[in-house]
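Working notes for the structure below.
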Amino acid sequence: MTVGFLCIAAFLKEQPKPARRTSLLDPVKALGHGGLASAAISASFYNYTFFTVLAFTPFVLDMTPYKSGAVFFAWGVLLAVFSVLVAPRVQERFGSLTVLGGSLALLAADVVILGYGNHTMAIVCTVLSGAFIGVNNTVFTELALGVSDAPRPVASAGYNVVRWFAAAAAPWPAPKIEEWTDIHMPFVVAGVTAVAGALLILARRRALRHEADQARAPHAAQDGVAAFAD
């Protein structure tokens, strides 16, 4: 945190003041846009999956802290590479919604295999999930920031209000589901929520496609960095 503070103080230039003041209700009002609301709700399903992997997988791996750290270090490297380098390129080739739907489906398959595979498979799938999460983070961030006519900070605030509810909730129900059923079921639920996010994108594709494709080109690289930081 100290290094981050020093970097901001030393390298970040003074930002221009906004043209008008933003009220606390502006992010909520921005969610009245159907495209932004759809992206936020889909991202909330995805974030439940994301944080099930992050919070519950260490219990499944049952490794020493250093070994678990090594697994999640590799996971983080893939997440960074796919957020910043891979996602913008595949978006340019296939389009945001196709990439997002496909990545969510692959993440769903990955977490279910993680839950049912042997220990080696669980490690491989944990690391591999970083690639899908990296792509999803970038595309969801870009979609949310560009899909509506709201200013980007306002759209980001409204989007994050919705999606972080699921992220905050996931670490609690995952172990409870394991207590009520077995150790596999939390990952089945996580797979279902990823599929739900993909189906929502599919159902709303006509409303989202035009805005997503318009937003993609100007902001893909910087949104990749923003999504990785997020």
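What follows is calculated from the coordinates using simple rules that are stated; it is not laboratory data. Please read all numbers here as calculations on a predicted model, not as lab measurements. Quick reminder, even Gly has a Cβ in these numbers, built from the backbone with ideal geometry, and neighbours come from all protein chains shown.
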So how far apart, in nm, are the two label points at ASP62 and ILE8 if each is 7 Å from Cα heading toward Cβ?
-> 4.2 nm
Translational diffusion of the chain, µm² s⁻¹ [Kirkwood Rh, Cα pairs; Stokes-Einstein; 4 °C; 1.567 mPa s] = 71 µm²/s
Relative contact order (%) - the chain, alpha-carbon pairs under 8 angstrom, separation at least six | 37 percent
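Using only the Cα atoms of the stretch 1-103, what semi-axes does the equivalent ellipsoid have when each is the square root of 5 times a gyration tensor eigenvalue? Give whole Å, largest first.
Those come to 31, 24, 18 Å.
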Karplus-derived 3J(HN,Hα), 6.51/-1.76/1.60, for each residue of the stretch 165-175, Hz, glycine and proline x | 4, 5, 4, 5, 6, 3, x, 7, x, 4, x
Checked the stretch 66-128 against the a/c 1.5 cut and the a/b vs b/c comparison, axes a ≥ b ≥ c from its Cα gyration tensor; verdict oblate
Which value, in debye to the nearest 20, describes the size of the charge dipole of the chain about its Cα centre when Lys and Arg Cβ atoms bear +1, Asp and Glu Cβ atoms bear -1, and nothing else is charged?
-> 660 debye
